[in-house]
Amino acid sequence: TDGVLEVCSHGYSHTTGVSTTEAFGKSDLRRNAPWDVLAGYSTAPFYRPPFGAYGPGLRAAAGALGYRYVLMWDVDTNDWRGPPPASVITQRAVGGARRGSIILMHTKPNSAAAFPGILQGLKAKGLRPVGLSELFAAGQPLPNTPQVQALIARGVIGDFRAGDGGRHPDILRFGLTP
């Protein structure tokens, strides 16, 4: 990558979800803003809701505060659970990664320790990690996974492969490029 770090807001708490009101969603995202200031980096325009759960209120809150993209993932390392050793995180990340993937990871010591192995494993698969902006510019499509199909079935996202008439232009799925 070019050394530019792009991260998503995760909100402040894990109390948001499909029934979150716009007011509560704004409050939760604003409570997280001091972390952006402390890091010297804004997470806007990217928001990744806890558990991948959100509804119209949370989506409206994110949009009102400058988070144009609500992002999901298709590879979950479950690096927060346990936490597992770096070797397990590496296997989960590399094993599930393919062109167009977004790999979910958290800021945990074992996740940081897994990075060298993840980068090496992705390179061996002919993939390279890129920032979200580069992925958006590349126009990678939604991967065909059970998680994506469930979201499409629920009407949370549109199936961009078939075209959705622009119903959900702000929810995109991009990931690794060759």
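Pairs meeting the criteria (first residue in segment 47-68 and within 20 Å of residue 133 (Cα to Cα), second residue open to solvent by less than 50 Å² (accessible area, probe 1.4 Å) and polar (S, T, N, Q), beta carbons under 7 Å, at least 6 apart or on different chains) are 47/9; 49/16; 67/9. Checking 62, 44 one by one, the residue that is open to solvent by 10 Å² or more (accessible area, probe 1.4 Å) and of a type in the set (A, V, I, L, M) is 44 and no other. Just to be sure, is residue 38 surrounded by 16 or more Cβ atoms within 10 Å (Cβ to Cβ), without any contact (Cβ under 8 Å) to a residue 12 or more places away in the chain and out of contact with any Phe, Trp or Tyr (no Cβ under 9 Å at 6 or more places or on another chain)? The answer is no for residue 38. Residues that are open to solvent by 20 Å² or more (accessible area, probe 1.4 Å), among the acidic types (Asp, Glu) and assigned to a loop (DSSP other than H, G, I, E, B) do occur in segment 6-27, at least one of them. If you go through segment 107-122 and pick out every residue that is touching a Ser or Thr at 6+ places or on another chain (Cβ under 8 Å) and either open to solvent by less than 20 Å² (accessible area, probe 1.4 Å) or closer than 21 Å to residue 51 by Cα (or both), you end up with 4.
Going through segment 65-82 one residue at a time, which ones are at pLDDT 85 or above, in contact with a Pro (Cβ under 8 Å, 6 or more places away or on another chain) and surrounded by fewer than 21 Cβ atoms within 10 Å (Cβ to Cβ)? Selection gives 66, 78.
The values are calculated or read from the model by the stated rules, or taken from the named source; none is laboratory data. The model shown is predicted, which means the values in this text are computed figures rather than measured ones. Note that we place each Cβ from the backbone using ideal geometry, even for glycine, and neighbour counts take in every protein chain shown. Note: accessible area is taken over every heavy atom of the protein model, side chains too, but ligands, DNA and RNA are not part of it. Shrake-Rupley method; radii C 1.70, N 1.55, O 1.52, S 1.80 Å.
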